[in-house]
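Each value in this text was obtained by applying a stated rule to the coordinates, not by laboratory testing. Bear in mind that the values here come from a model prediction, so they are computed numbers and not experimental data. Note that we place each Cβ from the backbone using ideal geometry, even for glycine, and neighbour counts take in every protein chain shown.
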Amino acid sequence: MNFLRQSLALLCLNLKGLTARAGAVLTILIGVTCTVGVLVSMLAMGTGVHRQALGNVRDDIATVSGRGAGGLDSSIPRDEATAVADLPGIARGSDGRPLISYQSVVIIEGRRRGTGVRVFFPLIGTSSNVTQMRPEMTFTAGRMFHPGLHELVASNPCIRTFTGFELDARRAVRGVDWTVVGHFDQGNSMQCVALTDAETLMTVFSRNAFTEVSVRLKSPADFEAFRAALEGNPALHLEAKRERDAVEEGFKRFSALLNFAAYFVGAIMAVGATLGAVNSLYSIVDARRRELATLRAIGFGSGAIVVATLAESELLALPGALLGAALAWVFFHGMAVSPFGYSFRLDVTSQLAAIGIAWALAMGLVGGLLPAWRAGRVPVTTALRAA
Amino acid sequence: MKFLPLVWSGIWRKPWRTILIFLQVSVAFALFGVLQGLKTGVQQAVDAARADLLLVHSRLSSLTEGLPISLLEPIRSVPGVRVAIPVELFGGYYQKPEQGVGIVAVTPDKDWTAAFTYTIAPEYLAAFARSRTAALVKDLTAEKYGWKIGDHIPLKSNKMQKNGSGDWAFDVVGIFTDSDVGGGRYIIIINLPYYDEARATGTGTVNHFNVAVTDPKVAVSVADAIDRISSNSSHETKTESLRELAQQQVQQIGDFDFLIRAVVGAVLAALLFAIATMMVQSVRERTSELAVLKTLGFTDRAVFLLILAEAITVCIAGAALGLALATAAMPIAARFVPGLSMPKITLAIGLACAVLVALMSAAVPAALAGRLKVAAALAGR
C-alpha cells in the first residue's frame, strides 16, 4: 500500500515537472505519433482490402470450382455444371427454379480516365438471375443486360475510373461491339466489375467450359450437405467452398503482403522512436538527479521511483498513440488507392487504433526500462553532494 | 582541422546520448535506404528491360486469350522482324501443388533464342532441338527442386493430354539463365510442337509470339505493322516491347510512390525533432564550457560551426551505417522483388539527406551557442 502511495505521489511530481522539459516531451510525442500514424495507416490498407473483399460476401452462397484450381484456372465442363443444379440444399427463386448462376470470366483491358494507363478488369459472364442471387446489387441507371444480345452492365467504379463505360457506349471486345446498357452499385465494393450474359460471352470467345458456378443455399447450414453431395458424386470433378472461404483464399497473399509491409515499417520506426524516447527519458532523469536523491533521502523507496518513471514513460507514449491514430483517421480513412490495379478504400478501424496504442505502450515500456533503472539507483550521497 | 579534437570531445561528452542518437539515425536511414532503394531499384529494372524484344499477344488479355499459330508467317514477313517465335505458357506443379513450375513451350526454330532474354549454352540448345520431350531448366528452378541434366521430371498440370491425363514428363537436357528480371522465377522451356500435338485442347493456338526486331529504333513501327495484320479480325493483337510492359507494371503500383514518400517524410521529421531537442539540451548543459571557449577567443561563428560539425558528424556516421545495413538487406529483398539492388544514387541522396537533417536540427542550438553572452553565461544566468 505504502509502495503504491509512494509511486503515485512520485508520478504526480514527475508529471508536474514535465512542463519544464518541453523538448524531451515533444521528442517522445512526435516520435510515437509518427510511428503509430504510419503503422495504423499501413495496416488500414490490409483492413480495407479485407473489408471490401468480404463486404458483399453472403453466408448462404457456395462457390463451386474445378477441383484443385481456383480463380481463372478453374474450368467446369457444361455437363458437370448442369448437374450441380440437381444437388440438395439449393434455394429456389420466385419462379421455382434453383438459384444458381454460371460464370465465365475473361480479363479485358480498360483505359484509366485522364492518364490513359492500361488496367485490366474482369468481364464476368453470368446468368441474368444474378440480381436474385445478389440482392445488394442495385441499378443506378439503365437496365439489366438481355441474354443473347451483346450487352453489358458495369459497376459504378468502372465509370469513375475508366473511359468508355457511359450508357450506350460501345466497347469492342473480340471483334464484337458490346453496348453498355446499365450501371449498378454493389455494396461498398470499389472494384470495377462488368457483367454480361455467360452464354453470349462464351459463344464469342468460343469457350465450352464455365469458370465458376455459384449457388444460393436454403440456409448457411445446408452447406455441408451440398458439399458432401457434390464431392461424393464420382462424375463431378468439382469442389465447393463457402463464398467467404473462397474469397479469403484469393486475398490471403495480398493482405499478408500488405500486413507484412505495415509491421515491417512499423517495427523499424518503433525502434527508432524508442531510441529517441530512451534518450529523452535519460535526459529527464539526469536533470532530476538531485531531486531523486533528495526523495530517496527522505524515505521514498527505489522501487517506487522505478515504477513511477515507467508509468511516466507510458503516459508520455499514450498521447502520441492517440494523436497518431487520429491523424491516420483524418488523413487516410476512406482514401481510395489502387496498388496493383486493385482499387479499395483505406479503412482505419478502432481495432487498428487499439493495435497502435498497444504498439505505443510497448515502446513506452521498453524505452522506459533503462532510464527507470537508472532513476532508481541514483546514489543518494554523491548526487546530493555534486553540483 | 585543428578543431577536430574539440568536435570529437564534444560528441563524446555524454557517450550514451551520442550512441542513442547515432543508433536512431542509423535506424531511420536503414528504413530510408530500403524504401528508397525499392523505388529506384524498380525504376532501374525498367530501364534495363529490352526495347528490341516485342511481345505479340491478344488485345483482350495477355493471360487468358490465345492467338492462332497461323499468324506466325504474316508476322515473320513484316519488314524489320528478325526472329519471331510462337510461345505457349501454362502452369504445372512438381510433386505437390505448392511447388509450382511455369512451363514455356517454344518452337526451337533457327536463332530462336534471339527472341528471348535467356542465355543458353550451345550444347544444351543442340540437345534441346534433338529430343521432343527435352526440357531446359532455369537455374533457380534446378536449384529449388534439385534437378540435374539427365533427370526425368514428372509434372502435373490442369492442361490435359489427349488421353485425359494431366501428367506430363520431360527430360532435363540443359540449364539456362534469364536476364529479364520480370520473367518467371521457376520456369522450364519445352518443345511447342510436341506439346501442341499432345494436348487435348487449344491445339493450334498460342499465348503470344516473341519477336526480335533488327533495330530497337524500328520497334514501334514494327509493332504497329504487326497489329495491322489482324485488325478487325476476331483475334486482334497488341504488340508491346518488354520495356513498355515493365513501365506499365510500374505504373500499376504507382500508389506506393506516395506511400514511400509519406513514410520517409514521417521518419525524417521525427528524427529531425529528436536530434534538435538533444542538441538544445546538450548546448544548455555546456553553457559554461562554451562561455570559456569564447573567453579564450573563439568567435561566435566558430562556436556556431563547432556545434553544427558535431551534429553533421553523428548524422553522417549514423546514415552511413544505416545505408550499409539497407544495402546488405537488399539481396534478401531481391528474393521477393526480383532484380532489386541498391542504386548508388540512393546512397548519395541518403547522405545528402543526413547532412540536411543535421543542418536543420542543429541550426537552432548552434545559433543559441553562437549568440551566448560570455559574462551572463559564466555567471550562470
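Figures for the structure shown
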item: Separation between Cα centres of segment B:55-110 and segment A:140-174, rounded to whole Å; result: 31
item: Farthest toward positive dipole pole in the protein assembly as shown [+1 Lys/Arg, -1 Asp/Glu at C-beta], among B:PHE3, B:ALA354, B:ALA334; result: B:PHE3
item: Ratio of Rg to Rh over segment A:93-132 (Cα coordinates, Kirkwood Rh, two decimals); result: 1.25
item: Loop-resident sites, segment B:271-362, for trypsin sites (Lys or Arg not before Pro), counting at most 12 other Cβ within 10 Å (DSSP); result: B:ARG335
item: DSSP beta bridge pairing in segment B:53-214, given as percent antiparallel to the nearest 5; result: 75
item: Partners for B:LYS294 among lysines (Cα-Cα distance below 21 Å; same-chain residues under 8 apart left out); result: B:LYS2, B:LYS373
item: Inter-site label distance for B:GLN161 and A:ARG253 at 7 Å from Cα along Cβ, in nm; result: 2.8
item: Length-normalised contact order of segment B:1-104 in % [C-alpha pairs under 8 Å, at least 6 apart]; result: 10
item: Rel. contact order, % - alpha carbon contacts under 8 angstrom, at least six apart, segment B:28-165; result: 18
item: Ratio of Rg to Rh over segment A:85-191 (Cα coordinates, Kirkwood Rh, two decimals); result: 1.00
item: Neighbouring partner chain Cβ atoms per residue of B:23-36, average, 10 Å criterion; result: 4
item: Förster radius 35 Å - calculated FRET efficiency between A:VAL330 and B:ASP139 (Cβ-Cβ, nearest 0.05); result: 0.10
item: Spread of Cα-to-Cα distances over 5 Å intervals beginning at zero, given as percent, for segment A:189-241; result: 4, 14, 18, 16, 17, 18, 11, 2
item: Point-to-point label distance, A:ARG377-A:SER206, nm (Cα→Cβ direction, 7 Å offset); result: 8.2
item: Förster-model FRET efficiency, 60 Å R0, B:ASP111 and B:ALA352, C-beta, rounded to 0.05; result: 0.80
item: Using alpha-carbon coordinates, inclination of helix B:219-229 to the longest axis of chain B, degrees; result: 40
item: Gain on full stretching of the segment that runs from B:VAL220 to B:ALA129 - 0.36 nm per residue minus C-alpha separation; result: 29.6 nm
item: Reciprocal mean inverse distance between Cα atoms of segment A:1-72 - Kirkwood radius, Å; result: 17.9
item: Qualifying chymotrypsin sites (Phe, Trp or Tyr not before Pro) for segment B:1-97 [loop in DSSP, other Cβ within 10 Å: at most 12]; result: B:TRP12
item: Relative contact order of chain B, defined on C-alpha pairs under 8 angstrom at six or more residues apart (%); result: 28
item: Furthest towards positive pole of dipole, A:GLY142, A:VAL307, B:VAL263, structure part the protein assembly as shown, Cβ charges; result: A:VAL307
item: Under 28 Å from the Cα of A:LYS16 - lysines, other chains or at least 8 residues apart; result: B:LYS14
item: B:SER70/B:VAL364 FRET efficiency (R0 56 Å; Cβ-Cβ; nearest 0.05); result: 0.15
item: Area projected by the alpha carbon convex hull of the protein assembly as shown, averaged over all directions, nm²; result: 42.6
item: Global geometry of segment B:135-268, whether rounded, prolate or oblate, following the gyration tensor of its Cα atoms and the 1.5 cut on a/c; result: oblate
item: Debye, to nearest 20: dipole size of chain B, +1 on Lys, Arg Cβ, -1 on Asp, Glu Cβ; result: 1960
item: Coil-residue trypsin sites (Lys or Arg not before Pro) of segment B:45-151, DSSP, other Cβ within 10 Å capped at 11; result: B:LYS110, B:LYS148
item: Span-rule helices in chain A, defined as complete DSSP H runs reaching 24 Å or more along the axis (Cα) with Kyte mean at least -0.5; result: A:22-55, A:243-287, A:302-332, A:350-376
item: For segment B:238-317 and segment B:4-20, distance of Cα centres in Å; result: 19
item: Lone cysteines, chain A (no partner Cβ under 4.7 Å); result: A:CYS12, A:CYS34
item: Burial ordering of A:VAL84, B:VAL220, fewest other beta-carbon atoms within 10 Å first; result: B:VAL220, A:VAL84
item: Cross-link pairs beyond the 30 Å C-alpha cut-off, checked among B:LYS138/B:LYS238; A:LYS218/B:LYS156; A:LYS218/B:LYS159; A:LYS252/B:LYS162; result: A:LYS218/B:LYS156; A:LYS218/B:LYS159; A:LYS252/B:LYS162
item: Å³ per residue enclosed by the Cα convex hull of chain A; result: 183
item: Positive-end extreme of charge dipole, segment A:68-236 - chosen from A:VAL119, A:SER75, A:PRO98 (charges on Cβ); result: A:VAL119
item: Inter-label distance, nm, simple model (7 Å from Cα along the C-beta direction), B:PHE258/B:GLU98; result: 3.7
